[in-house]
1. Please list, by residue number, every one of the chymotrypsin sites (Phe, Trp or Tyr not before Pro) in segment 86-150 that is coil in DSSP and has at most 14 other beta-carbon atoms within 10 Å.
2. What accessible surface, in Å², does a 1.4 Å probe find on K65, ignoring ligands, DNA and RNA and rounding to the nearest 10?
3. At 1.4 Å probe size, with every protein chain present, just tell me what the per residue accessible area of segment 214-283 comes to in Å².
4. Pull up all non-local amide H partners of L68: gap of 5 or more, or a different chain, and H-to-H distance under 5 Å with H placed in the peptide plane.
5. Please pull out the direction-averaged projected area of segment 66-118, using the convex hull of its alpha-carbon atoms, in nm² to one decimal place.
6. I need the calculated FRET efficiency for the pair E144 and S213, taking r as the beta carbon distance and R₀ as 51 Å, to the nearest 0.05.
7. Too long at a 29 Å Cα-Cα cut-off: which of K126/K187; K83/K194; K249/K272; K215/K269; K83/K126; K64/K249?
8. Could you give log10 I(q)/I(0) at q = 0.14, 0.16, 0.20, 0.21 Å⁻¹ for segment 184-244, computed by the Debye formula over C-alpha point scatterers of equal weight, without solvent?
Amino acid sequence: MAIDIKKKETLKRGTAFFPIQYYCSNTASPLYNLPVHWHNEFELIHILAGEHVFFVDGEEIVLKKGQLGVIQEGILHGDGANKTPCRYESVVFDLNLIRNKNYAHDSFLEDVSSGKVVLNKIVPLKNKEANAEVDNMFLAMRREPAGYELLTVARLLYIFGYIKGNNFFIEDERVLDRSRARSDQLKAVFNLIKQNYGSMISLDDMASSAGMSPKYFCRVFREMTHRTPVEYLNAFRVDQACQQLRAGKESLIDVAYNCGFNDFSYFIKTFKRYKGMTPHKYRSFDLRLADEIQPPPEIHENEYSDINS
């Protein structure tokens with residue numbers, strides 16, 4: 001995942017003509033990681049099995065089957081403090097994908113795009129039709145049958161129509177403005193960590209980059225991420241260590257020091273805390289197996305007859 005100096009993802013989604021990307025995630029995989037980040041696209045999250053705690057805009061939400069997670073553009077989001085075994089899929093897309101293809105002007109989509117309308121973070125799928133439309137949209141993106149682009153756009157329009165029709169939103173642009181203002185306070189901190197994780201970073205350094213006193217910074221950071229600054233820094237360093245371990249070129253000690261851990265035993269302890277295994281075991285783990293994420297058995301693809309085989 002490419003992120004610019006403000007922690008915004010710079011990863012391109014889909015193509016210029018079809019700007020949407022599908023992802024499937026298994027939180028139990030050692031490869032899984034969803035750090036706090038933001039992007040200019042919308043995101044929809046669909047639980048396949050289990051449930052998962054996500055951090056979205058300063059609060060933790062528990063997303064379950066039968067619900068749709070909605071993340072509006074520009075909002076900080078990532079994993080919650082506690083990870084649970086879960087498989088979920090998501091699509092990240094440019095809202096213009098459906099605005100440009102809409103046959104008639106729709107003020108709702110325009111207000112969503114401008115931030116005048118704030119969508120609910122969790123949208124309950126209250127009936128079989130809503131569940132089927134969401135299932136089919138993700139299924140089309142997962143399998144990419146002939147005509148899947150049209151099927152996807154049609155289902156996205158249905159989803160936003162469902163949200164509008166059931167009033168799963170509020171009309172107050174000040175809410176989104178406040179969210180973005182709070183998020184901006186942390187972007188300099190994310191940048192500091194990203195650029196300097198291999199060096200000594202003190203609490204004072206992080207607080208100074210945010211323009212706050214250390215005490216106030218700790219309170220704001222925890223409110224926004226549900227983690228302490230040190231916990232976030234350690235988690236980021238462990239994720240960087242994972243990348244170096246998968247490359248397989250450095251010794252474990254070198255990886256530890258490269259990622260800002262000056263105490264090797266502390267590195268081992270911290271790595272195991274976040275990944276559930278030692279760095280040595282992680283390096284020898286068959287990552288090919290961990291990366292093979294299949295839909296769980298309760299997903300019956302043949303139930304959706306309008307998706308081509």
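1. Y103
2. For K65, solvent-accessible area is about 110 Å².
3. On the way: 3690 Å² over 70 residues.
Spelled out: the 1.4 Å probe surface of segment 214-283, per residue, equals 53 Å².
4. V123, L125
5. Details: hull surface 21.1 nm².
With every direction weighted equally, the projected area is 5.3 nm².
6. The formula returns an efficiency of 0.50 here.
7. Exceeds cut-off: K126/K187; K64/K249.
8. -0.35, -0.45, -0.70, -0.76
The values are calculated or read from the model by the stated rules, or taken from the named source; none is laboratory data. Being a predicted model, the structure only gives us computed values, none of them experimental. Ideal geometry is used to build each Cβ from the backbone, glycine not excepted, and the neighbour counts take in all protein chains shown. When the accessible area is computed, the model is the full protein with side chains, heavy atoms only, and any ligands, DNA or RNA have been set aside. Shrake-Rupley method; radii C 1.70, N 1.55, O 1.52, S 1.80 Å.
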